[in-house]
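Have a look at the structure below before the remarks.
The values are calculated or read from the model by the stated rules, or taken from the named source; none is laboratory data. Just so it is clear, the structure is predicted and the values come from calculations on it, not from any experiment. Neighbour counts are summed over all protein chains in view; Cβ atoms, including those assigned to glycine, are modelled from backbone coordinates with ideal geometry.
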Amino acid sequence: MKKLILSLAVVAIALTSCKSEKKVETKEEVKVEEKVTDPVNSYNVNVAESSIAWKGDKKVGDAHNGTIGLEKGLFDVENGVLKAGEFVINMNSISCSDLEAGKGKEKLEGHLKNKDFFDVEKFPTAKFVVASSEVKEGKLHITGNLTIKDVTKSITIPATLTENGNDITLKSDKFNVDRTDFGVKYGSGKFFDSLKDKAINDLIEFSFDLKARK
């Protein structure tokens, strides 16, 4: 029994460590030097073929995942890096993929959209504005300002850019954002000591797969 408990503890520590390694650091908003000035010659995101994936879980127990849609996206590329860009996220489109309709799906989606979490009635969109990017060790690292609700922080996202004529695919690695940095504190053990093992993880895992054409 002691060996089993020890094994479970080791697994839990390993999983926590892996998630922490993917956490992106949130910093103060950075200055955006360049903006998209010529939309005709820029890459427009095909929102129907693009998606953002999310995953969240409790400290102990349930984990859920789903998608969020984009409202629009526009960016410039030069020599394999993003020079400028802006991506607007449709927060009303938050959906849960692992629950079925009538079996908790609508309840969870409604909760994510209300004031406890993203308050989409007041803040219907989120936004990411590119400030700079660079290639390091074969990976594109995109730094920009992420705005969720009324909070803006800078983050750096590892991604891969694939060019094919006038078409581009911009696909990120999985990365974790601390929701409490953006004022989403519901169920956080950091702010509510009494929750114990009912606390919801502060880290939300994201990844995106964007298709765009010039």
Open item on the list: I'd like to check something: does the stretch 167-174 contain any residue that is touching a residue at least 40 places away in the same chain (Cβ under 8 Å), assigned to a strand (DSSP E or B), closer than 24 Å to V30 by Cα and of a type outside the set (D, E)?
Closed with: yes
- [ ] Select from the stretch 39-61 the residues that are exposed (fewer than 12 other Cβ atoms within 10 Å of the Cβ) and of a type outside the set (A, V, I, L, M) and write down the one among them that is farthest from the chain's Cα centre (by Cα).
- [x] N41
- [ ] For the stretch 10-20, indicate whether the set of residues that are outside any helix (DSSP H, G or I) and modelled with pLDDT under 95 is non-empty.
- [x] no
- [ ] For residues that are out of contact with any Gly (no Cβ under 9 Å at 6 or more places or on another chain) and aromatic (F, W, Y), tally how many sit in the stretch 36-59.
- [x] 0
- [ ] Restricting attention to the stretch 161-188, report how many residues are surrounded by fewer than 13 Cβ atoms within 10 Å (Cβ to Cβ) and polar (S, T, N, Q).
- [x] 3
Task: Count of the stretch 182-211 residues which are out of contact with any Asp or Glu (no Cβ under 7 Å at 6 or more places or on another chain), more than 22 Å from K149 (Cα to Cα) and in a strand (DSSP E or B) - done: 2
Open item on the list: Being closer than 21 Å to N46 by Cβ and not in a loop (DSSP other than H, G, I, E, B) narrows it down to one residue among N145, N92; which is it?
Closed with: N92
TODO: Kindly indicate the residue of the stretch 189-203 that is under 18 Å from V24 (Cβ atoms) and not hydrophobic (A, V, I, L, M, F, W, C) and also surrounded by the fewest Cβ atoms within 10 Å (Cβ to Cβ) among those meeting that condition.
DONE: K190
Task: Members of the stretch 137-153 that are more than 17 Å from F75 (Cβ to Cβ) and crowded, with 19+ Cβ neighbours inside 10 Å - done: I148, K153
Open item on the list: Against the definition (at pLDDT 95 or above, in a loop (DSSP other than H, G, I, E, B) and crowded, with 16+ Cβ neighbours inside 10 Å), how does V36 come out, yes or no?
Closed with: no
Open item on the list: I need the full set of residues from the stretch 74-89 which are in a strand (DSSP E or B) and either crowded, with 17+ Cβ neighbours inside 10 Å or at positive phi (or both), in order please.
Closed with: L74, F75, D76, V77, L82, K83, A84, G85, E86, F87, V88, I89
Open item on the list: Checking the structure you have, find out if any residue of the stretch 163-181 is among the polar types (S, T, N, Q), out of contact with any Asp or Glu (no Cβ under 9 Å at 6 or more places or on another chain) and either on the phi < 0 side of the Ramachandran plot or at pLDDT below 95 (or both).
Closed with: yes
Open item on the list: Checking the structure you have, find out if any residue of the stretch 151-165 is in contact with a helix residue (DSSP H, G or I) (Cβ under 9 Å, 6 or more places away or on another chain) and among the polar types (S, T, N, Q).
Closed with: yes
- [ ] For the stretch 110-142, name all the residues that are outside any loop (DSSP other than H, G, I, E, B), free of Cβ contacts under 8 Å to residues at least 24 places away in the same chain and out of contact with any Phe, Trp or Tyr (no Cβ under 9 Å at 6 or more places or on another chain).
- [x] G110, K113, K136, H141
